[in-house]
Amino acid sequence: MERAAQQAVPLGQMEVFQALQRLHMTIFSQSVSPCGKFLAAGNNYGQIAIFSLSAALSSEAKEESKKPMVTFQAHDGPVYSMVSTDRHLLSAGDGEVKAWLWAEILKKVSVELGEGRGTQTQREPLRPPSAWGHRESYDSAIIQQAFLSMKGCKELWRRQPPYRTSLEVPEINALLLVPKENLLILAGGDCQLHAMDLETGTFMWALRGHTDYIHCLALRERSPEVLSGGEDGAVRLWGKECRIGGKTGGKGGWGEEDASHGSSSADLRTAKEVQTIEVYKHEECSRPHNGRWIGCLATDSDWMVCGGGPALTLWHLRSSTPTTVFPMRAPQKHVTFYQDLILSAGQGRCVNQWQLSGELKAQVPGSSPGLLSLSLNQQPAAPECKVLTAAGNSCRVDVFTNLGYRAFSLSF
Amino acid sequence: MSSESSKKRKPKVIRSDGAPAEGKRTRSDTEQEGKYYSEEAEVDLRDPGRDYELYKYTCQELQRLMAEIQDLKSRGGKDAQAVEIEDRRIQSCVHFMTLKKLNRLAHIRLKKGRDQTHEAKQKVDAYHLQLQNLLYEVMHLQKEITKCLEFKSKHEEIDLVSLEEFYKEAPPDISKAEVTMGDPHQQTLARLDWELEQRKRLAEKYRECLSNKEKILKEIEVKKEYLSSLQPRLNSIMQASLPVQEYLFMPFDQAHKQYETARHLPPPLYVLFVQATAYGQACAHRKSSQPPRQDKMLSVAIEGSVDEAKALFKPPEDSQDDESDSDAEEEQTTKRRRPTLGVQLDDKRKEMLKRHPLSVLLDLKCKDDSVLHLTFYYLMNLNIMTVKARVTTATELITPISAGDLLSPDSVLSCLYPGDHGKKTPNPANQYQFDKVGILTLRDYVLDLGHPYLWVQKLGGLHFPKEQPQHTVITDHSLSASHMETTMKLLKTRVQSRLALHKQFASLAKLQAAVVLNPGYSSIPPIFQLCLNWKGEKTNNNDDNIRAMESEVNVCYKELCGPRPGHQLLTNQLQRLCVLLDVYLETESHDDSVEGPKEFPQEKMCLRLFRGPSRIKPFKYNHPQGFFSHR
């Protein structure tokens, strides 16, 4: 009976294609909703999936609560970077940045949920103990999914930085929010940092200096404020020109200047390259066979950690000297400070936890062969959803409820 | 008073009887314009002292009235009395009312008093609590302050230069006098910076001194070595003259140690030894115009036990039995496993194939520091020479599968001269000896014994004319000498070409693709998994670009279907894979630290080499324009 049913319905082209897509999926970016209960993940096909962390973490979580609640086609190319403000989800990848209202996305989610629950309760009493029931539910699930992805979501706005015309539209690899300026900084393929005013949506200024494309950005709470790392092997620090001594003490930079001069744009335009660290030139950490690119970057007061082609290294910024070289052969793609630890991930299955002294505290294996992004959900609004999520070269997002082990995986 | 009276009328609800008595004059109370009568409010306006007076007065009045009533009653009057009694009663009733009123007022006052006390008490409690909190806070802050004061920073253990010295010596961008003069914290930071800077400089100096020392030590070493190499050089000159000495029968007392050993060599090995040494010397003299060149192109040495050789030489009959335990026998133990006709025959064979205990070691050095080690043996009973070869290189070689046995000892010297495989014995007489002990061909023993190449025999001065099988061979120096130079040159060329070939094989990129074909091909596309062997093994697990290539053929298969119905899919995928591999190899970033040109020069036109966080290469071909871009 069951066999007959399977033969009757051969695998459709659509399903084969979806299965192949899932097999070769890469999840580049993640972002947690302002309420802390939802996680958005963007993949290499330009899709964004919304997962419910609270449902997946609840005690009565089922398999389907680890599937996306809604998936929509956001971009034509890969979604390389996403950030969340308190209202919007900003996503970028193929040269454009798009904004989506979290409220609207979540409304959609709740509608889908309502529908889902409705059909489920309807199905419950009707479900016969035969294979037909299963097939039916499977088919309807596929139809529902196709329906969701078709219906999609409409973005609130979309903007493109002023590129010089070129054959190929440069990609956007990194987004960075500067909350106190209400600015969004974009960086990527055209080797520049573009700043967009989130109030008006206008591009205010651009910083030039990198000689190859930019991989990553980081924000610092003192001057110089913005750090960028790129394919050219340099970490560049941007800010108002006030060197050590004069205006340190945790303040200074752009925000401070606003009050004294009134107009912000004038001062922001004066931001320039203050310091350059050419990581590959330091033989402690250079690895010429891996290339000189800087793939990840994070800062904490006077300290910076960066990695990529060169080894993962902790730098003291004031003296711009490498302090600790972490003994990890695989190139690292994401790094972040967490409490007194450094978390890093890259080629290989593991999330690496380092002491500042350079000792490897733990290596926690995940389910993907390579990792590209880590996300720590520290939204105070949802303390029960405080988790670490890691994603990379697979269709799964690993969830770590504590730093010791992988609890489960969300899957596209 | 008029206003009072008008107000007095208002609270009629309770005081229905009116009571306009003069005793109630204190009811001048309610000044406020409240519409409702409130006794509680009334309390505030009345004077408790006057109430007390009123109470006393009322009590007196009551007493007085009671007494009057008593008096009237006791007098026993009738009508008039009754009227008067009634009058008094009414008056006393009024007084009772007053008393009651006063009683209520007293209760209210009491309650009010209690409330006030309670309130005050609570206030005091709250203040007390606040006081305690503040005290705690003070204590805590004091503790923190002492903690901070007692904090020992690491920098306190560092001896810093004095302030004056600091400001005098430190460059202004570190000292920043205008900032640090007034601010001790910034000052300390700056001084620490200066200290760090100085220490860095000192460390640099220390390193320099160390390297200087190293250099000097090395120089000393080199000079020492030169000095110590003088002696062997002199010695080897002596050696080169040995054959002359021997021919002329000029016994040299100071015969070299190696020469002593050489004397025990069998004649062919001796010829080889002498000729090789002489050739080596000649080359060293001709090539090296700079005197201190210790790495000779050709070095010769003798290996093996001299004692055994001596024993072999003196009693020729016994020696064969004595030496049967020697290493030659051990090497042949492996042969035991071969099916033999008998133990006796086996022993005979071993005897037949026995090597002379001494062997000559020749190290031939090439320009790139790779060395060809040749070990020459002499098979005494067969009267032939064999050679074993081994190649060592200056740098570690990565051996790819495809390079195979390019450098294996077995084949590296094969066919040095045309047709010289080194598998057959060059001495025709041997064939008869073999027949006796049942050896078919020498080929089976070559791995153990070494290869009996023809040129080896010639180097040893052994000449085997083909037409005369029974001809006894004698060692001939002129034969060896005439072949030495050409052979050495050939050997060198051979090693160099093999190494070059090996290098080329190693650098070849090899792509392996595993394909899963569904029975439903081509409606269900095949799935490729790739593995690239080039500079290490690369798969989708450790290389994002291999993953991208797989994705290009697996996911984007629709572009490769070709015209309907798309049966060409697999072929197109394979062709696409070739293009992808070309792009992959051509766009590989060149490591600057390695010299030489790029292995795969870029022929394809690409807008950019890498894109995105995964650093994907441009795999997408744009048809009419003819360049590659990113998907």
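The values are calculated or read from the model by the stated rules, or taken from the named source; none is laboratory data. Owing to the predicted nature of the structure, the values given are computational and were not obtained by experimental measurement. Virtual Cβ from ideal backbone geometry, glycine too; neighbours counted across all protein chains shown. Side chains included, ligands, DNA and RNA excluded: accessible areas come from the protein's heavy atoms. Shrake-Rupley method; radii C 1.70, N 1.55, O 1.52, S 1.80 Å.
Would you check if B:Leu72 is surrounded by 15 or more Cβ atoms within 10 Å (Cβ to Cβ) and modelled with pLDDT of 50 or more? When the stated conditions are applied, B:Leu72 passes them.
Criterion first (away from chain B (no Cβ under 14 Å), more than 12 Å from the chain's Cα centre (by Cα) and surrounded by fewer than 24 Cβ atoms within 10 Å (Cβ to Cβ)) does A:Ala99 satisfy it? The answer is yes for A:Ala99. One residue is enough: does the range B:47-58 have a residue meeting the conditions small (Gly, Ala, Ser) and closer than 20 Å to B:Asn103 by Cβ? Yes, the range B:47-58 contains at least one residue that is small (Gly, Ala, Ser) and closer than 20 Å to B:Asn103 by Cβ. Taking the conditions exactly as written (assigned to a helix (DSSP H, G or I) and open to solvent by 100 Å² or more (accessible area, probe 1.4 Å)), does B:Glu86 satisfy them or not? No: the conditions fail for B:Glu86.
Among residues belonging to the range A:290-307 that are open to solvent by less than 10 Å² (accessible area, probe 1.4 Å) and without any contact (Cβ under 8 Å) to a residue 40 or more places away in the chain, point out the one that is farthest from the other protein chains (Cβ to nearest Cβ). Ranking the candidates gives A:Val305 first.
Checked against the criterion of being in contact with an Asp or Glu (Cβ under 9 Å, 6 or more places away or on another chain) and either surrounded by 10 or more Cβ atoms within 10 Å (Cβ to Cβ) or at negative phi (or both), the range B:128-138 contains not a single residue that satisfies it.
Just wondering, is there one or more residues in the range B:415-426 that are crowded, with 17+ Cβ neighbours inside 10 Å, assigned to a helix (DSSP H, G or I) and at pLDDT 70 or above? No, there is no match, as no residue in the range B:415-426 is crowded, with 17+ Cβ neighbours inside 10 Å, assigned to a helix (DSSP H, G or I) and at pLDDT 70 or above. For the residues A:Pro310, A:Pro327, A:Pro365, the requirement of being in contact (Cβ under 8 Å) with a residue 12 or more places away in the chain, in contact with a Cys (Cβ under 7 Å, 6 or more places away or on another chain) and surrounded by fewer than 22 Cβ atoms within 10 Å (Cβ to Cβ) singles out A:Pro365.
Among all residues of the range A:309-327, there is none that is within 18 Å of A:Ser81 (Cβ to Cβ) and within 13 Å of another protein chain (Cβ to nearest Cβ).
For the range B:529-545, the set of residues classified as away from chain A (no Cβ under 11 Å) and either farther than 29 Å from B:Lys503 by Cα or open to solvent by less than 50 Å² (accessible area, probe 1.4 Å) (or both) consists of B:Leu530, B:Cys531, B:Leu532, B:Asn533, B:Trp534, B:Lys538, B:Asn545, listed by residue number.
Rundown of residues vs (1) surrounded by fewer than 20 Cβ atoms within 10 Å (Cβ to Cβ); (2) at pLDDT below 90; (3) within 14 Å of chain B (Cβ to nearest Cβ), yes/no style:
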{"position": "A:Lys180", "(1), (2), (3)": "yes, yes, no"}
{"position": "A:Leu193", "(1), (2), (3)": "no, no, no"}
{"position": "A:Ile214", "(1), (2), (3)": "no, no, yes"}
{"position": "A:Leu219", "(1), (2), (3)": "yes, no, no"}
{"position": "A:Lys251", "(1), (2), (3)": "yes, yes, no"}
{"position": "A:Trp254", "(1), (2), (3)": "no, yes, no"}
{"position": "A:Glu257", "(1), (2), (3)": "no, yes, no"}
{"position": "A:Asp267", "(1), (2), (3)": "yes, yes, no"}
{"position": "A:Thr270", "(1), (2), (3)": "yes, yes, no"}
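Do we have any residue at all in the range B:141-150 that's open to solvent by less than 100 Å² (accessible area, probe 1.4 Å), more than 14 Å from chain A (Cβ to nearest Cβ) and outside any helix (DSSP H, G or I)? There is no residue in the range B:141-150 that is open to solvent by less than 100 Å² (accessible area, probe 1.4 Å), more than 14 Å from chain A (Cβ to nearest Cβ) and outside any helix (DSSP H, G or I). Among the strands (runs of 3 or more DSSP E) confined to the range A:368-412, the ones with at least 1 residues that are more than 29 Å from B:Ser551 (Cβ to Cβ) are located at A:371-376.
Mind checking which residues of the range A:313-324 are open to solvent by 10 Å² or more (accessible area, probe 1.4 Å) and in contact (Cβ under 8 Å) with a residue 60 or more places away in the chain? Matches in the range A:313-324: A:Arg318 only.
Being closer than 29 Å to A:Gly346 by Cβ and open to solvent by 10 Å² or more (accessible area, probe 1.4 Å) is the filter here, so list the residues in the range A:226-243 that pass it. Residues satisfying the conditions are A:Glu231, A:Asp232, A:Arg236. What number goes with the only condition from (1) among the acidic types (Asp, Glu); (2) open to solvent by 40 Å² or more (accessible area, probe 1.4 Å); (3) within 14 Å of another protein chain (Cβ to nearest Cβ) that B:Asp582 does not pass? Only one criterion is unmet by B:Asp582, namely (3). Of the candidates B:Lys123, B:Lys78, B:Lys101, B:Lys176, the single residue that is without any contact (Cβ under 8 Å) to a residue 60 or more places away in the chain, open to solvent by less than 50 Å² (accessible area, probe 1.4 Å) and over 60 Å from the mean Cα position of the chain (by Cα) is B:Lys101. Assessment of the range B:557-570 against the conditions (open to solvent by less than 30 Å² (accessible area, probe 1.4 Å) and facing chain A (nearest Cβ under 10 Å)) yields at least one matching residue. Set side by side, the residues B:Ala513, B:Ala509, B:Ala548 differ, and just one is more than 10 Å from chain A (Cβ to nearest Cβ) and either in contact with a strand residue (DSSP E or B) (Cβ under 6 Å, 6 or more places away or on another chain) or hydroxyl-bearing (Ser, Thr, Tyr) (or both), which is B:Ala513.
Taking residues in the range A:30-41 that are touching a residue at least 60 places away in the same chain (Cβ under 8 Å) and closer than 16 Å to A:Leu176 by Cα, and partners anywhere that are aromatic (Phe, Trp, Tyr) and part of a strand (DSSP E or B), the pairs with Cβ atoms closer than 9 Å and at least 6 places apart or on different chains are A:Val32/A:Phe38.
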